[in-house]
1. Please go through the stretch A:271-309 and pick out each residue that is modelled with pLDDT of 95 or more and within 11 Å of chain B (Cβ to nearest Cβ).
2. Can you find a residue that is in a loop (DSSP other than H, G, I, E, B), among the charged types (D, E, K, R), in the same structural domain as A:Asn43 (by TED's automatic domain parsing) and over 21 Å from A:Ala82 (Cα atoms) anywhere in the stretch A:246-262?
3. Assess whether A:Ser307 counts as being under 22 Å from B:Glu42 (Cα atoms) and of a type in the set (Ser, Thr, Tyr).
4. Please go through the stretch B:276-292 and give me each residue that is in a loop (DSSP other than H, G, I, E, B) and over 16 Å from B:Glu208 (Cβ atoms), ordered by number.
5. Of everything in the stretch B:1-41, what is among the polar types (S, T, N, Q) and within 16 Å of the chain's Cα centre (by Cα)? Give them in sequence order.
6. How many residues does the stretch B:32-76 hold that are at positive phi and within 14 Å of chain A (Cβ to nearest Cβ)?
7. Take B:Glu263 and decide whether it is under 15 Å from the mean Cα position of the chain (by Cα) and of a type outside the set (A, V, I, L, M, F, W, C).
8. Could you check, for the stretch A:293-308, whether at least one of its residues is part of a helix (DSSP H, G or I) and over 18 Å from A:Ala33 (Cα atoms)?
There are 2 protein chains.
Amino acid sequence: MVDFKDIEAAAKRLAPVTVETPLLRSSALDEIAGGTVYIKPENLQVTGSFKFRGAYNMLSQLTADEAKHGVVAFSSGNHAQAVAASGTMLGIDTTIVMPEDAPAVKIENTRRLGGKTVLYDRYSEDREAIARGIAAETGSVVVPAFDHERIIAGQGTVGLELMRQCADFGVTPDQVLVSCSGGGLISGTALAVKTMSPETSVYPVEPEDFDDTARSLISGERETNDPGARSICDALQTERPGKLTFAINRKLLGAGLVVSDGEVKEAMRFAFRHLKLVVEPGGAVALAALLGGKIDIQERVTVVVLSGGNIDAEMFASIQKE
Amino acid sequence: MVDFKDIEAAAKRLAPVTVETPLLRSSALDEIAGGTVYIKPENLQVTGSFKFRGAYNMLSQLTADEAKHGVVAFSSGNHAQAVAASGTMLGIDTTIVMPEDAPAVKIENTRRLGGKTVLYDRYSEDREAIARGIAAETGSVVVPAFDHERIIAGQGTVGLELMRQCADFGVTPDQVLVSCSGGGLISGTALAVKTMSPETSVYPVEPEDFDDTARSLISGERETNDPGARSICDALQTERPGKLTFAINRKLLGAGLVVSDGEVKEAMRFAFRHLKLVVEPGGAVALAALLGGKIDIQERVTVVVLSGGNIDAEMFASIQKE
């Protein structure tokens, strides 16, 4: 089981290669919120999302023998770029199975970063089977997108970092809002945050129709999403919560918050205008929850994690002008 | 005369109210550069530009008697927002004389931040005369956009901060590229950088037809721009270098670099795609100089200051899609 010490160790491992993303304030946001809001912009992280933390944490701990056979991963794009970049930095070959309808910028970046890409049809093919096939053939290690202790520990450095930064500012957050799909980021973050401040609440935010974690937290079982579900948030479309991640999340998280595509777009426009940040749909859900009034923020200190910023220019421009 | 101690004092004064903007790396940028590049994103600063540093540094040092009569400033937008926000934070009334063709977002933000705005025609009216008239009437202090010791010292904290951050990374920059208009940011920055590392070069970057500092550095006199000049960089359109700023700049700066509107747009697209940052035209000139090959960056450590990010959504979208 992953614990706080693993996150501390990951933070030391990651310090030389990651960006310590700042905690940003915005007077416009505080005004709307009627409270104190800090933004943790992981879109500024290496490869444009928090995913680099987990991927590098795992790849850097492979044995020499494992490393020489390369790794394989499946991802809609952010984990893909993170694995490709980590592999290139560590001299490990990477193969990434990606949906053919992933944002072009994510596929291009994965290749530019040194990853070999294998495309598949998101709605008819089984990416796990494809990845396992490649692994069996080449003897390479599969790097899961979320359900692995070293991935969770890596993502948890977001929580460790934001708590230390809050302490530097002399505040303790009352609540932390984090985007959630498979649950790697939020499980690691919650582990760090709740260890350092048990009174702080950590809330998962999901897109409409991909609210598997919200429903799972109610039922206590890992619920699945409808295979026909669609969302603007290409980064947050897993079938259901991870096994390891949900075991942590069911103990540590507050109730799940759910946002619509319209609320996500509104948050992306706010980030452009007031924060000067390029945020992708899946990266904006926590901000969308805050702006959409999904939770009481009056007179509280709230930290919002923006988890990624990889979006095509065409889509970004059209959302900004809506 | 402003000196390094003034910048250190400003940094202490500003620490509780400003964002310590991070130093960002980008593998795409390093690849193109063939060297090591650090980005200092002042578009993430309070009010969306470095201008808040100088404005707050000056307003926070007014006497109680001065403060009670309010302040007046003239600005195309970034200094305006900075003065308005500083005034609101310190309980000082602010009046800002702004060109009527300034980006709508800058005028709206100035009002939202608590500034009273007075609009004028950039090409037929004299903003300094309007501001002085208001000052004479109300007894308020004029807050210059650049040519004042406390403004220069405040902007200089950008240089102090980036040098300290470089030291944390174990590097000394070979060169620092900074946008230049009246010269407040670059004079303060150069003062800090050259005090801490005399071997580091500091280069001013200006838009085509607003290259008054580049020409002044050659002639040794303060040269003026053609009144008919136009540029996409609304933030970098002063008539000529400041008196105080140029006295510093002529001693400390390397040769001026000049970029075209097309190069500025290219840099804005790069910032969107690879850095996940919203940068306004005037804020992107230093990056444009680097990407446009205006200076040798091979095997050197270069710091690029992005000075602001206040741009209308329509314009941003149209540039991204070009």
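1. A:Ala271, A:Phe272, A:Leu275, A:Lys276, A:Leu277, A:Val278, A:Val279, A:Glu280, A:Gly283, A:Leu306, A:Gly308, A:Gly309
2. In the first step, residues of the stretch A:246-262 are kept if they are in a loop (DSSP other than H, G, I, E, B); the result is A:253-256, A:260.
Filter again for among the charged types (D, E, K, R), leaving none.
Looking through the stretch A:246-262, none of the residues is in a loop (DSSP other than H, G, I, E, B), among the charged types (D, E, K, R), in the same structural domain as A:Asn43 (by TED's automatic domain parsing) and over 21 Å from A:Ala82 (Cα atoms).
3. Numbers: under 22 Å from B:Glu42 (Cα atoms): yes; of a type in the set (Ser, Thr, Tyr): yes.
Judged against the criteria, A:Ser307 is a match.
4. Step one: list which residues in the stretch B:276-292 are in a loop (DSSP other than H, G, I, E, B), which gives B:276, B:278-280, B:292.
Selection gives B:Lys276, B:Val278, B:Val279, B:Glu280.
5. Initial filter on the stretch B:1-41 (among the polar types (S, T, N, Q)): B:18, B:21, B:26-27, B:36.
If the condition is that a residue be among the polar types (S, T, N, Q) and within 16 Å of the chain's Cα centre (by Cα), then B:Thr18, B:Thr21 are the ones that fit.
6. Here the count works out to 2.
7. On the way: under 15 Å from the mean Cα position of the chain (by Cα): no; of a type outside the set (A, V, I, L, M, F, W, C): yes.
Criteria not met by B:Glu263.
8. Of the residues in the stretch A:293-308, the ones part of a helix (DSSP H, G or I) are none.
Within the stretch A:293-308, not a single residue is part of a helix (DSSP H, G or I) and over 18 Å from A:Ala33 (Cα atoms).
The values are calculated or read from the model by the stated rules, or taken from the named source; none is laboratory data. Fair warning: this is a prediction, and the values are worked out from it, not measured in the lab. Every residue, glycine as well, gets a Cβ built from its backbone with ideal geometry; the counts of neighbours run over all protein chains shown.
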